[in-house]
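The values are calculated or read from the model by the stated rules, or taken from the named source; none is laboratory data. Keep in mind the model is a prediction, meaning the values are calculated, not measured. Note that each Cβ is placed from the backbone with ideal geometry, even for glycine, and that neighbours are counted across all protein chains shown. Please note that ligands, DNA and RNA were not included when accessible areas were found on the heavy atoms of the full protein model with its side chains. Shrake-Rupley method; radii C 1.70, N 1.55, O 1.52, S 1.80 Å.
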Amino acid sequence: MPILRPNGEPGEPVAKMAAVDTVHTYFGYRGERLGHVVRGPKNHSGNKLVRQVAWCRNVHLSDGSIREGWTYVSFPEPRAVYNAHLVSDAREDGRPTRYLIVEGEKCADRGAALPGWTVVGWIGGSHAWHKTDWSLIAEGVDVALWPDADTSGVGSKTMLDLAQHLAALGCSTLRWIEPPAGAPNKWDLADAVDKDDWSAERLAAFVDAALPWRPASTAEPASLSMAPDSEGGRLPPGMPPCPPPRDKILSEAEKVSLRQFGVRRRSFLNVMKAPAPQLNFALPGMLRGTVGLLVGAGASGKSWAMLQTLISMAAGIDIWSLWSDISDKILSLPAPPGRCLYLAAEDPQEIVDWRIHHLANNALERLRDANLDVNKFLDLIDANLMAYSLYGAGPENAFAIAPSRTETAIQRGPLYENVVQSGFGALITGIDTLARVSTSLEEREGKDMGQVIELAESLTVDTGRANVLFAHHVTKASVTNGQAEEQQAVSGSRKLSDHARWQANMGTMDANTAKVREIDDGDRRKWVKIVGAKMNYAENEGSRWWRRGEHGILVGGFSPPEAPKASNSVGYTSTGSTAGPRASSVRLERMRREAADD
């Protein structure tokens, strides 16, 4: 492998062939290749060569040229775990998120034989684990750590520090694998497979036997746990020996932050004596000033549902009965008419215009059939609906951006500032879709998606408590497994559904439901089920059905045909008796005896 040498001396070759024994490739969570860790033969001192290699552009070489190619370079921080792509595959396939953390890429490769586990590691050895982002691993339902058998204790300490870090990230399912008694120094998973010929079954049994990990107690014995720093000469156990200084000179920024923090304190007695706050809702279950998700599989009708909902909110009435379940009457929505921003980030302008055209004419007919003041409501919609086609706007579409791969804090993008300027005082901002306005972020990263929802919450404040509603996808695995109605079916990190305060899942009727109800495949695709997956501040109304009509327009207030009642084994139709299966079996037995007597 030829390696560019940006720090070479003048006159030396600008590239050099590197002797390589093994190559371990690192992938990102999207499956993109990040680079390699190469291991070469030992040098004259007996030390093994381990280097990080990545494809770099604009490499300045000693001969004055600028090239691109493989170069020794440290991977940017925070780094992905080794086998990050397998972590994503397991999540996308709906498999249990069970992670085994080992030391070294070789161990992770040998661990591929373990059924039901995704084996991961990190770059840089025992002193570099903290340079890796472990937030996604901390979300696992089962996380086990396998340290090397290290007589020096360095390896165990590294894994202990990592366990403490995972626990701090919220991981509550940690387990610890203790190397077998008598294992030689440096013994690890790779040795178990290569030298001791452990089968996959023995390996799995050894890992499954791991005990729960608990942080070591830091409490001192009672006789030593009292610190002579309080007024009485002692402090209770567990208290810091010295309280933080109260005479710190605050900077101006710290003074502002402290004032803002103080304003947020709620007085218990004042709140008790004041009238109870009035809870105002934008949609059923969606409290004003909160963030919500409208999620579904591709082509399920999310864009239609969002646009129709915003048009209705602009008028203050449920024009298509999507949220009221009454098809022959148009009812009011929880919130009065207000400005609604619709940001179409994935559809071209002509598609947005085509949908609005057909929805406007359909709304006119429905308003006329309901004997409502057509001109009044059409004027309201025209004044309040602010529809924007963002297709092809590139970086201007960014709601949230990651400044660089080495920074974990995301920043407000141009779209955020544009919405603040255009949408202050609005009722709601609908963004279709979340993925299209956060392309520089990693959807599966909890730290990224958690911050996106937090940024949306800031937007609700900056726009005067306008709701934010994101359209988003569900995972393919959830659709395949019949779990698309679940809260955690959301594609990407669970932080999205955890942080959002309202979530509705929608999807076309599945084939099994259609079969039970005796609905043919063509008609099945016209039925859309909407499920209240999460409503934090109101009673969950459960599920309802929408009917997809001409052009794809959704209309509520309908229910698909119920499953036909089954006939019993002797050929009569059930009368609806509540006597139960035991009584039915008794009747059947009596009928058989009577037939035998005859």
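Things worth noting here:
- DSSP-defined beta bridges in the range 427-540 - what % are antiparallel, rounded to 5: 60
- Take the range 368-497 with all the other protein chains still there, run a 1.4 Å probe, and you get 46 Å² of accessible area per residue.
- The order of the peptides 521-531, 65-75 by mean Cβ neighbours within 10 Å, most packed first, is 521-531, 65-75.
- Here the range 291-306 is scanned for amide nitrogen atoms under 14 Å from the site 7 Å beyond the Cα of D510 along Cα-to-Cβ, giving 297.
- On the beta carbon distance between N58 and R95, with R0 = 35 Å, the FRET formula returns roughly 0.30.
- Size descriptors for the range 378-446, from the alpha-carbon set: Rg then Dmax equal 14.2, 50 Å.
- Environment charge of I428, counting only residues whose C-beta is closer than 12 Å and scoring Lys/Arg +1, Asp/Glu -1: +3
- Summing Lys and Arg as +1 and Asp and Glu as -1 over all other residues whose Cβ lies under 12 Å from the Cβ of V102 gives a net charge of -4.
- Shown for the range 495-546: the carbon plus sulfur share of the solvent-accessible area, taken with all protein chains present and a 1.4 angstrom probe, equals 43%.
- Of the trypsin sites (Lys or Arg not before Pro) in the range 290-396, those whose Cβ has at most 10 other Cβ within 10 Å and which sit in DSSP loop: K329
- Distant-in-sequence amide contacts of A400, defined by a placed amide H-H separation under 5 Å and a gap of 5 or more residues or a different chain, comprise G413.
- Label-to-label distance for S458 and S327 is 4.6 nm, based on points extended 7 Å past Cα in the beta-carbon direction.
- Placing a label point 7 Å from the Cα of V50 along the Cα-to-Cβ direction, the residues of the range 100-132 whose backbone N falls under 17 Å of that point are 101-111, 120-132.
- Summary of packing: across the peptides 487-494, 24-31, 308-315, the per-residue average of other C-beta atoms within 10 Å ranks them, highest first, as 308-315, 487-494, 24-31.
- When each of K42/K195; K447/K534; K329/K534; K447/K495; K302/K529; K302/K526 is checked by Cα-Cα distance, pairs over 19 Å: K42/K195; K447/K534; K329/K534
- Extension gain, A168 to A205, is 10.5 nm, computed as 0.36 nm per intervening residue step minus the present C-alpha separation.
- Stretch gain in nm, segment E541-T408, where the contour uses 0.36 nm per residue and the Cα spacing is subtracted: 44.1 nm
- Within the range 402-482, the GluC sites (Glu not before Pro) that combine a DSSP coil assignment with at most 13 other C-beta atoms in a 10 angstrom radius are E407.
- Residue-count net charge about S324 - beta-carbon cut-off 15 Å; Lys, Arg +1, Asp, Glu -1: 0
- What the Cβ-Cβ distance of V374 and E32 gives, at R0 = 45 Å and to the nearest 0.05, is a FRET efficiency of 0.25.
- DSSP assigns beta bridges within the range 325-467; of those with both partners inside it, close to 15 percent run antiparallel.
- Here the gap between K157 and E365, fully extended at 0.36 nm per residue and compared with their Cα-Cα distance, gives a gain of 67.7 nm.
- Taking amide H positions as modeled 1.01 Å from N, with prolines and chain starts lacking one, the residues under 5 Å from V119 and 5 or more places away or on another chain are L100.
- Dipole magnitude of the range 38-81 about its Cα centre (Cβ charges: Lys, Arg +1; Asp, Glu -1), debye to nearest 20: 260
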